1. Could you tell me how many of the residues in the stretch 322-339 are in a loop (DSSP other than H, G, I, E, B) and modelled with pLDDT of 90 or more?
2. Among (1) at pLDDT below 95; (2) assigned by TED's automatic domain parsing to the domain that holds residue 353, where does residue 282 come up short?
3. Looking at (1) surrounded by fewer than 18 Cβ atoms within 10 Å (Cβ to Cβ); (2) farther than 30 Å from residue 326 by Cα, which is the one condition that is false for residue 54?
4. Determine which single condition residue 356 fails, assuming it passes every other condition in (1) exposed (fewer than 14 other Cβ atoms within 10 Å of the Cβ); (2) in contact with a strand residue (DSSP E or B) (Cβ under 9 Å, 6 or more places away or on another chain); (3) more than 17 Å from residue 283 (Cα to Cα).
5. Give the stretch 407-418 a look and list any residue that's without any contact (Cβ under 8 Å) to a residue 40 or more places away in the chain and surrounded by 13 or more Cβ atoms within 10 Å (Cβ to Cβ), or say none.
6. For residue 346, state whether it is within 27 Å of the chain's Cα centre (by Cα), at pLDDT 95 or above and more than 16 Å from residue 275 (Cα to Cα).
7. Please verify whether residue 293 is over 17 Å from residue 403 (Cβ atoms), in the same structural domain as residue 415 (by TED's automatic domain parsing) and out of contact with any helix residue (DSSP H, G or I) (no Cβ under 9 Å at 6 or more places or on another chain), treating the condition exactly as stated.
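The values are calculated or read from the model by the stated rules, or taken from the named source; none is laboratory data. Predicted model, so just to flag it, every value in this text is computed and none were measured. In this analysis, Cβ positions are derived from the backbone assuming ideal geometry, glycine residues included, and neighbour counts consider all displayed protein chains.
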């Protein structure tokens with residue numbers, strides 16, 4: 001029997017902490033103490049009253065959850081796998097392709113952690129993960145499941161724990177460890193672990209909303225999630241000489257070198273995100289006349305085309321068309337095009353014989369420039385241009401580091417942060433959180449300003 005009538009409820013206790021006073025309800029079942037903290041006295045008193053009322057009515061208490069049997073949810077009647085499919089379908093039509101992919105990865109890892117027994121040896125581990133990630137938790141492809149994949153999913157459906165597993169603290173901890181680790185058991189990147197926990201938290205809130213769980217079982221508060229930093233690593237930034245050598249090597253690349261050189265130069269000089277740069281068309285570039293005295297132009301950004309894979313987009317395309325990050329769907333921003341970039345883009349448009357409606361940086365067949373092509377060219381440039389020590393370092397390791405270098409250069413050249421944020425498509429707080437450590441060259445002037453404020457008068461002679 002997993003219930004008891006031997007219940008004792010104590011008075012609510014209080015404890016003063018740095019974040020305020022915590023009100024804790026304490027009770028015992030068969031001598032084992034249970035605790036439930038609350039932020040306010042009213043919430044604690046209400047919960048304690050429910051416990052007292054249950055004991056007066058002669059209600060049994062669960063030794064698993066510590067709560068009255070009437071408090072138990074429908075978690076025992078729903079399997080985790082059934083719930084995960086329901087949650088996937090509910091999220092599918094209101095999320096982006098990348099988000100869908102991340103949700104599938106998090107649910108895949110969680111499902112494996114919630115199996116009653118390890119999969120049989122007839123199923124390869126990679127096939128189990130693929131079945132869950134690419135078919136079970138992909139609303140679009142689920143009906144296309146091949147027979148061999150369907151067999152795996154049938155076994156998983158029969159051998160997944162019910163949702164009341166989330167009422168066991170040890171099982172919750174095991175799941176959180178799984179979504180925070182790589183396949184070999186080593187810790188995953190803090191950003192990945194945090195993203196997975198965030199997805200699970202949304203899933204748990206969904207379960208509470210639909211009365212599958214009574215409360216969110218995931219731990220809250222400080223220290224429950226790995227710390228991440230959004231600040232740019234200064235070691236990843238390129239100086240002008242390094243950038244010139246890398247872009248020069250790309251320009252001389254026999255296959256698509258001129259196009260990729262123009263793409264990378266736009267990122268270095270104007271700082272767009274890669275998905276914004278690939279989405280540009282020719283008429284988004286406002287160039288002055290060749291004989292104009294002022295050769296500053298203007299670049300317009302209004303669309304992003306992140307590469308998410310055809311299995312995760314609504315239309316089956318590799319790229320997903322979206323608005324600019326953090327802005328309204330039809331919003332846009334303009335960025336000044338310096339004379340060096342004006343000259344380069346004009347020559348690029350003429351050499352490629354591009355028309356106003358054409359993609360500014362097309363692939364070899366006029367299609368959207370593939371991320372794999374961009375990354376492969378950049379890796380080759382680093383390998384050929386940088387010395388072994390530099391190549392092994394974070395220096396320009398990602399194509400995105402060209403954007404980081406551009407924004408850092410603007411800040412170091414004295415452009416006001418508000419203006420840099422507008423050109424970059426960031427808010428000022430986010431911009432400073434990312435780039436504050438990289439702002440250099442202003443220290444001598446700042447020292448003079450501090451000294452100009454004056455020192456304390458010498459009172460020793462009085």
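1. Qualifying residue count, the stretch 322-339: 2.
2. Unmet for residue 282, out of (1) at pLDDT below 95; (2) assigned by TED's automatic domain parsing to the domain that holds residue 353: (1).
3. Residue 54 satisfies all of (1) surrounded by fewer than 18 Cβ atoms within 10 Å (Cβ to Cβ); (2) farther than 30 Å from residue 326 by Cα except (1).
4. (3)
5. Within the stretch 407-418, 409, 411, 412, 415, 417 meet the criteria.
6. no
7. Yes, satisfied.
A quick yes/no check of all residues on (1) touching a residue at least 40 places away in the same chain (Cβ under 8 Å); (2) over 30 Å from residue 431 (Cα atoms); (3) in contact with a helix residue (DSSP H, G or I) (Cβ under 6 Å, 6 or more places away or on another chain); (4) surrounded by fewer than 18 Cβ atoms within 10 Å (Cβ to Cβ):
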| position | (1), (2), (3), (4) |
| --- | --- |
| 189 | no, no, no, yes |
| 207 | yes, yes, no, no |
| 211 | yes, yes, no, yes |
| 217 | yes, yes, yes, no |
| 283 | yes, no, no, yes |
